[in-house]
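The values are calculated or read from the model by the stated rules, or taken from the named source; none is laboratory data. This is a predicted model, so every value here is computed, not measured. Here the Cβ positions follow ideal geometry from the backbone for every residue, glycine too, while neighbour counts run over all protein chains shown.
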Amino acid sequence: MTDEAAPEDVKDRAALELVLEAVSRRPQVMRATGQSMEPAIPSGSRVELSPVTDLRLGDVVAAFFPSGDFVIHRVVGLDARGAVLLKPDNLPWIDGWTTADLVRAQVTRVERDGTWTPLERGVGATVLAPYERLSLRRILFDRVRRRLGRRG
């Protein structure tokens, strides 16, 4: 498993299944562990899980793989047969394919420093996720430096 997520006070698979089942009735909160979704979801952050509505590229989901591994990762591929391709934001590899029925919840918000923030959805989130850790100042500085370097 590349990134584990454990609901608060939930330690085993059966309890995890109960929490994920409860998502269909109302959003649930769980604590995500691991660094594979940083900076979007820092290790130890609480995340809000909601029912899966219209699954789109860029969504962050809580899903099982057929092997039984559980992850909270980003959707980077969908096919017509209902297969879903998942990838962590902070790692270079792709997890692999799972099936839509094993995607159990959608991560809609993350708690950072005591404040709940909506998680970006869609393709833009997929493209921008690796760059979240870079500050705007650094991006602008690098751009100016490259332009000056070309002139001189």
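Inside the stretch 17-44, residues that are modelled with pLDDT of 90 or more, buried (at least 19 other Cβ atoms within 10 Å of the Cβ) and closer than 18 Å to R121 by Cβ make up a count of 2. Of all residues being outside any strand (DSSP E or B) and among the aliphatic types (A, V, I, L, M) in the stretch 68-95, which is surrounded by the most Cβ atoms within 10 Å (Cβ to Cβ)? Just the residue, please. Among residues in the stretch 68-95 that are outside any strand (DSSP E or B) and among the aliphatic types (A, V, I, L, M), the one surrounded by the most Cβ atoms within 10 Å (Cβ to Cβ) is L91.
Residue count for the stretch 43-73 satisfying the condition of being without any contact (Cβ under 8 Å) to a residue 40 or more places away in the chain and closer than 16 Å to S24 by Cα: 1.
For the stretch 56-67, what are the residues that are assigned to a loop (DSSP other than H, G, I, E, B), surrounded by 15 or more Cβ atoms within 10 Å (Cβ to Cβ) and over 13 Å from the mean Cα position of the chain (by Cα)?
Initial filter on the stretch 56-67 (assigned to a loop (DSSP other than H, G, I, E, B)): 56-59, 65-67.
The next check asks that each one be surrounded by 15 or more Cβ atoms within 10 Å (Cβ to Cβ); those that pass are 57-59, 65.
The one that is assigned to a loop (DSSP other than H, G, I, E, B), surrounded by 15 or more Cβ atoms within 10 Å (Cβ to Cβ) and over 13 Å from the mean Cα position of the chain (by Cα): F65.
Restricting A62, A80 to residues that are over 23 Å from A22 (Cα atoms) and either among the aliphatic types (A, V, I, L, M) or at pLDDT 90 or above (or both) narrows the list to A80.
Within the stretch 96-111, is there a residue that is surrounded by fewer than 20 Cβ atoms within 10 Å (Cβ to Cβ) and part of a loop (DSSP other than H, G, I, E, B)? Looking through the stretch 96-111, none of the residues is surrounded by fewer than 20 Cβ atoms within 10 Å (Cβ to Cβ) and part of a loop (DSSP other than H, G, I, E, B).
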